1. Between B:E46 and A:H153, how many nm apart are label points set 7 Å from Cα along the C-beta direction?
2. Based on the Cβ-Cβ distance from A:A182 to A:I662, what FRET efficiency comes out when R0 is 30 Å, to the nearest 0.05?
3. Report the rotationally averaged projected area of chain A based on its alpha-carbon convex hull, in square nanometres.
4. What nm value, rounded to one decimal, do you get for the distance between A:K622 and A:T413 when each label is placed 7 Å out toward the C-beta?
5. In chain A, which Cys residues have no partner Cys with a Cβ closer than 4.7 Å?
6. Just name one of B:A12, B:A35, B:I66: the one whose Cα is farthest towards the positive end of the charge dipole of the range B:2-76 (beta-carbon charges, Lys/Arg +1, Asp/Glu -1).
7. Are there any trypsin sites (Lys or Arg not before Pro) in the range A:215-310 that are in a DSSP loop and have at most 16 other Cβ atoms within 10 Å? List them by number.
8. How many Å² of accessible area per residue for the range A:278-359, probe 1.4 Å?
Amino acid sequence: MALDSKTEARKFKIVGTRPLRPDGIDKVTGRARFGADMSAPGMLVGLILRSPHPHARIRSIDTTRAESMEGVHAVVTRADFPAFVEDEALADVLDNCMAGEKALYDGHAVAAVAATSGAVARAALKLIEVEYELLAHVTDVDEAMRPDAPALHEDRADETVPAGMSDNVMARHEFGHGDIDAGFAKADRVLERGYRTEATHQGYIEPHACLATFGSDGQADLWCCTQGHYMVRNTCAAILGMEQGRLRVTASEIGGGFGGKTTVFLEPVALMLSKKAGRPVKMVMGRAEVFRATGPTASSSIDVRIGMAKDGRITAGFAELRYQGGAYPGSPVDMGSMSAFAPYDLEHVKTVGWDVVTNRPKQAAYRAPGAPMAAFAVESAIDELARELGLDPLEVRLKNAAREGTRASYGPTFPAIGLEATLRKAKDHPHWSAPLGPNQGRGVACGFWFNFGGDTCVSLNITPDGTVTVSEGNPDIGGSRASMSMMAAEELGIPYEKVRTIIADTGALGQNDVTDGSRVTFAVGLATIEAARAAKREMCKRAARIWEIEEDAVVWEDGAARPAGPNAGKHPPMSLAEIAAVATNTGGPIAGHCEVNAEGAGVSFATHMVDTEVDPETGAVKILRYTVFQDAGKAVHPAYVEGQFQGGAVQGIGWALNEEYIYGEDGRLQNAGFLDYRIPVASDLPMIDTVILEIPNPGHPYGVRGVGETSIVPPLAAVANAVSHAAGVRLTHLPISPPRLLAAIGAK
Amino acid sequence: MVRVRLWGSLAAAIGGQTEIEVEAGTLRELLDTLARDYPALQPQLERGVSVAIDGVIYNDDWFTPIRPDSEVVLLARLKGG
């Protein structure tokens, strides 16, 4: 029953241990095959021509000269794709993959070529003649909201947007409860402040890559680097006007995604090129293309007002959030508005979010999309208020912390949650009382994320020699093959080494949602456990037939079928391997499977603590110490959980200190490469310490909660709070790059 | 009858009501009834919603049971990364 707890009290034997990673050898020896590692006989190289203009009407595209060049086998433009895609969101995806009437940002794809080599393809791109009508552009969210701002689209706003606003405002979202005016009237101190964050890229190591083969019989195969190959299949099929069953997609190993590979960029183009050329087409993005044309996250401008009583009780909270999500609707401002005050038990709270388009690449999800920016603003304001009132920032958060029974700022009443536990762990941790030196400061912040489940299929097959193969349909970006093998082994009562988990292609399993929303360990884990239980029931049935007793007189314990009690007769246990060995004689191969829409994912909270040192001469910031406290529900493989905590913290540190999309007056991206867009590297960082808390999620048999996203929510604010204390000035604009910090220190 | 709590933007669409009562025993009945009785909610329902039932968030499972005393809250459709 959906409304009852699924979590069972049990003593784990394998779950909670740290076995070797199944993909480790492949990855360190180079045997793992990533997106660009696949080739096919007769393969062509596909390249894309991109707009150099931030906003331009495409008057004409002449591909004649490119098409007649020796070695060129196909050229595609938007004219090659279906003229009409009914679903508005999918139509936007197509328009982002290949521009229609207008180029909407610097880097927007306008044509593509397939040729016998990269050199020929590059030469052919230069022969494509595009006539542009240049249009005024806007890349800043606040400027884009002005009524006289250059408009990207006409009549795209939804019904929530009041009349008279800029055409760039796509939607308005409002959440909250209570009476904030009454709440502010009770405050001893009200703080109002504006905050800004810049767009950051997910920064995955592996650029987008794919290999498309479109047969003359209308059937196609696609190999690609993605967080969700079923999503790729469904999206490409819709865009290309083909049936889903005629396109088989296989996911490569993935060199990072973090949300940025939850949509398509190259894949429909590669398929169309292959269809026209009649040969396989491989496409691999360069790093500059990744920056210019794939989804960074939204940038934001946020105004916060918080009222606080002298004792630290928050009397009211309000935030107005403005996110630009690039050239199409759909910035995650709704998620930011829902999550901004979620860690706190507030009687009066309200958030208003505005979804805004600008001449930038279409944003894509980035770990807990929308939440880190909102948390930065709210957690900075809480920190500043606590400091002004002479209060301990952890005590203030404990005083206001959401608990079981709290009505969340976004609506529902929380069940058992772990925020208070993370705060108490943080307060008791030696990090909190460690001394600080000159120019050093300590910051804390809390964060929240929803998590979800979704469509999931698992097939678990018992081989004749008693080993087990688990097939699942979600690319492994965070250790899911290990986690699934562990949960299957736990449930079956066999060693971890006896189980191998593979990622099946779209032809092998039913629909699987994308590896996102921190859903995989929760949802695929739940399905794996159910598949293992189905296999156990079948194995008990086989043992019953062999023993000539009733099926319900057999139980599965410690990896073997056993008589349920003395009345069932004296039969020696039959192990999984013994039952598998005679499967042919007892009814045929044995398998278990589960197909489910896994609902009931539990929300997750974290508290982060960081020490920083500021160089007042250069504006450089050094991270001295960092500790993550997060609720994992149940940590299946603690090393992977720690890795998720550490990775989120590090990406958040980069967002807070260095990373930003920088646009020139000409509307062009100025820093489309890792030399000028600096992500933290190992030498920049201390070891990120982690503390795993386990408050079971009642929606999962083992209590698992997703952990992949919450860890990026607190670090922006935690770092900003620490730097603000170290520098003696409040930092409200991220990233706190050296020039920005020096300017703030100079303005004191 | 089930009491359903709406978020601010949805409440504004139906004249400021933040809670409404509907007859529904499952998620499907809830969404169908809302679409039928409150046409102003239709655009958002078509774009997608998530539903929190007794604090647990559900997306699409039509047959998720709802008890008469359940706390039901409509939410913007969840996204993830």
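The values are calculated or read from the model by the stated rules, or taken from the named source; none is laboratory data. Since we're looking at a predicted model, the values are computed, not measured. Cβ coordinates were reconstructed from backbone atoms using ideal geometry, including for glycine residues, and neighbour counts include every protein chain displayed. Protein only, heavy atoms only, side chains kept; ligands, DNA and RNA dropped before computing areas. Shrake-Rupley method; radii C 1.70, N 1.55, O 1.52, S 1.80 Å.
1. Inter-label distance under the simple model: 1.4 nm.
2. On the way: r = 43 Å, r/R0 = 1.44.
Plugging the Cβ-Cβ distance into 1/(1 + (r/R0)^6) gives 0.10.
3. Values: hull surface 138.4 nm².
Result: 34.6 nm².
4. 5.1 nm
5. Cysteines of chain A left without a disulfide-compatible partner: A:C97, A:C225, A:C236, A:C446, A:C457, A:C540, A:C594.
6. After comparing all options, I get B:A12.
7. Details: sites: A:R233, A:R246, A:R248, A:K261, A:K275, A:K276, A:K282, A:R287, A:R292, A:R305, A:K310; in loops: A:K261, A:K310.
Listed in order of number, the matching sites are A:K310.
8. On the way: 1560 Å² over 82 residues.
Accessible area per residue, the range A:278-359: 19 Å².
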